[in-house]
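Here's the structure, in structure tokens; my notes come after.
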Amino acid sequence: MLLAATAHIPTPAFDWHAFAPDLVLVATMVVVLIADLLLPDRESWRTSSIAAVGLLGALIPIATLAHSGHDRIMFDGAYVVDHYALALKAFFIIATYITVLLSVDYIGEGDYYNGEFYFLLLVSTFGMSVMAGARDLITLFVALETISIPTFVLAAFRKHDRASNEAGVKYYLIGVLSSALMLYGMSLIYGVTGATRLSGPNSISSYMSLHGTVPLVAVAMFLSLVGFAFKVSAVPFHFWAPDTYEGAPTPVTAFLSVASKAGGFVALINIVYFGFFLPNGRAADSWWPVLWVLAALSMTLGNLTALRQTNIVRMLAYSSVAQGGFMLVPFAAAGIAGADGHPGKAAAAMSAVVVYLLIYGAMNLGAFAVVIAVARRTRSAEISSYDGLWEIAPGLAVVMGIFLASLAGVPFFAGWFAKFVMFRAIIDAGTGWAIALAIIAAVNSVIAFFFYARPIRAMIFHAPTTEDRTPIVIPQPLFAAIALTVAVVVLVGIYPQVFARVGELAF
């Protein structure tokens, strides 16, 4: 009887090749746990090597999937592996690999649990990888929590440090609140539309195409966007970020500011573009004003507050808030273009978000790599500790100057192209609101020059505060991270088509 009753139920299509990057990450997590259990303490550094090899191994099926050239749709459209998903999966894995390089000596030389650290990094990366392909509210929420929960622990990983404990608690409390708001909004969306899939037949987007945005859906969309605003530290939901970034171990701060933040933006792309965006523009008017305000506030308050910082980690924290505002600008542009009936311009705006994310990842990870290298000598993150770095370590001074100049958008470094695609997206939207946001972004780009220039001025024009002129020793993994990131920043600055093509393929 039971067999007869269930015989008509279709078996979900499971494409092993499409899931291969995720399966490699899961296998690496298991091996790291077993190795941490079996290896003696003096050999615990091998867990970082296993994590690094596993991450590089996960790139192989991504390359083969990209070479195959066709989209893979599974579970009735709830999970999709296309060019967009593959590009972001590769980004998350490479960002985590660089984080591992930043962490090897930092974690190995401190009072930390090595195996657990790399296991938590891998779990969060697995959530990011799943997020890239999620096209369903349930899958999206579970992936976002898989990203967030390990980072709550990582933020408090310096267990004997009160600042680190405070960072973890603040991050946890705000994370729980944002998840509750977001989940409540998603439940309302499901209650009205009767669907959890974002696009396709019998989905959220198809319901809104037929019925428009009813008032309750507009409220639900607002609650969901507020929840995502917490995740990406957009103003006024950013207040957890500076204390968490300063209190967490520096490699974790780098990971939070790039990979974890990008995970929140990818979730926002998925729900806004695949669920709330419609070619006829019937839904865009309900959400683009919210993103417009979040972008303007994040850029302005983030930059103005960064001007007052004397600690470079806190400065980069507020810089991250401001950069998040710049990344929200193309979201508003996509909504404005969609509401005006220009889906092509909206797709181009979303590709600008992807390009900005990729470039921002290289710039910020590189900057934090230099912060770690300098702190090994000075034991300080104050901007004053960079005084005279040009005399003591000219190579580090040059690369730090490159990263800061790129974050400011100076031409011929990658950051200028990120700013260019952002401005192009909002100007192409063409309305008065779009031009107003473009002017706000331009003013904030000028403000950013002032605080990014402060460490550069300290490195070049200030005298060293110490008589010690011995060279700064940079461990090989940390040196490799700096070399990789500076190469990307310089290459993309000179030949931006490298990332522009990725953005075009994604949408």
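The values are calculated or read from the model by the stated rules, or taken from the named source; none is laboratory data. Treat the numbers as computed from the prediction; the structure is a model and nothing was measured. Glycine gets a Cβ as well: all are built from the backbone with ideal geometry, and neighbour counts include every protein chain shown.
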Expected output for region 232-259 (first residue within 12 Å of Ser164 (Cα to Cα) and surrounded by fewer than 24 Cβ atoms within 10 Å (Cβ to Cβ), partner of a type in the set (Ser, Thr, Tyr) and modelled with pLDDT of 85 or more, Cβ below 8 Å, 6+ apart or cross-chain) is Glu246/Thr253
Given the conditions (1) closer than 20 Å to Ala267 by Cα; (2) assigned to a helix (DSSP H, G or I), and given that Ser199 satisfies all but one, which numbered condition is not satisfied?
-> (2)
Considering every residue within region 131-144, establish whether at least one is buried (at least 24 other Cβ atoms within 10 Å of the Cβ), farther than 14 Å from Tyr79 by Cα and over 18 Å from the mean Cα position of the chain (by Cα).
-> no
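Could you tell me how many of the residues in region 191-202 are of a type outside the set (A, V, I, L, M, F, W, C) and buried (at least 22 other Cβ atoms within 10 Å of the Cβ)?
Count: 2.
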For region 59-112, enumerate the residues that are within 19 Å of the chain's Cα centre (by Cα), farther than 16 Å from Asp22 by Cα and β-branched (Val, Ile, Thr).
-> Ile98, Thr99, Val100
Flagged in region 311-344 as at pLDDT 90 or above and outside any helix (DSSP H, G or I), in numbering order, are Asn311
In region 350-398, which residues are in contact with a Pro (Cβ under 8 Å, 6 or more places away or on another chain) and on the phi > 0 side of the Ramachandran plot?
-> Gly388
Any chance Ser44 is polar (S, T, N, Q) and at pLDDT 85 or above = no
Looking at this structure, is Ala262 hydrophobic (A, V, I, L, M, F, W, C), surrounded by 24 or more Cβ atoms within 10 Å (Cβ to Cβ) and either part of a helix (DSSP H, G or I) or in contact with a strand residue (DSSP E or B) (Cβ under 6 Å, 6 or more places away or on another chain) (or both)?
-> yes
State all residues of region 398-413 that are out of contact with any Phe, Trp or Tyr (no Cβ under 8 Å at 6 or more places or on another chain) and modelled with pLDDT of 90 or more; if no residue qualifies, say none.
-> Val398, Val399, Gly401, Phe403, Phe413
Conditions (1) of a type outside the set (D, E, K, R); (2) part of a helix (DSSP H, G or I); (3) free of Cβ contacts under 8 Å to residues at least 60 places away in the same chain; (4) touching a helix residue (DSSP H, G or I) at 6+ places or on another chain (Cβ under 9 Å) -> Met208 fails only (3)
Only one of these conditions is not met by Ile482: (1) among the β-branched types (Val, Ile, Thr); (2) buried (at least 19 other Cβ atoms within 10 Å of the Cβ); (3) farther than 30 Å from Asp71 by Cα; (4) touching a Leu at 6+ places or on another chain (Cβ under 7 Å). Which number is it?
-> (4)
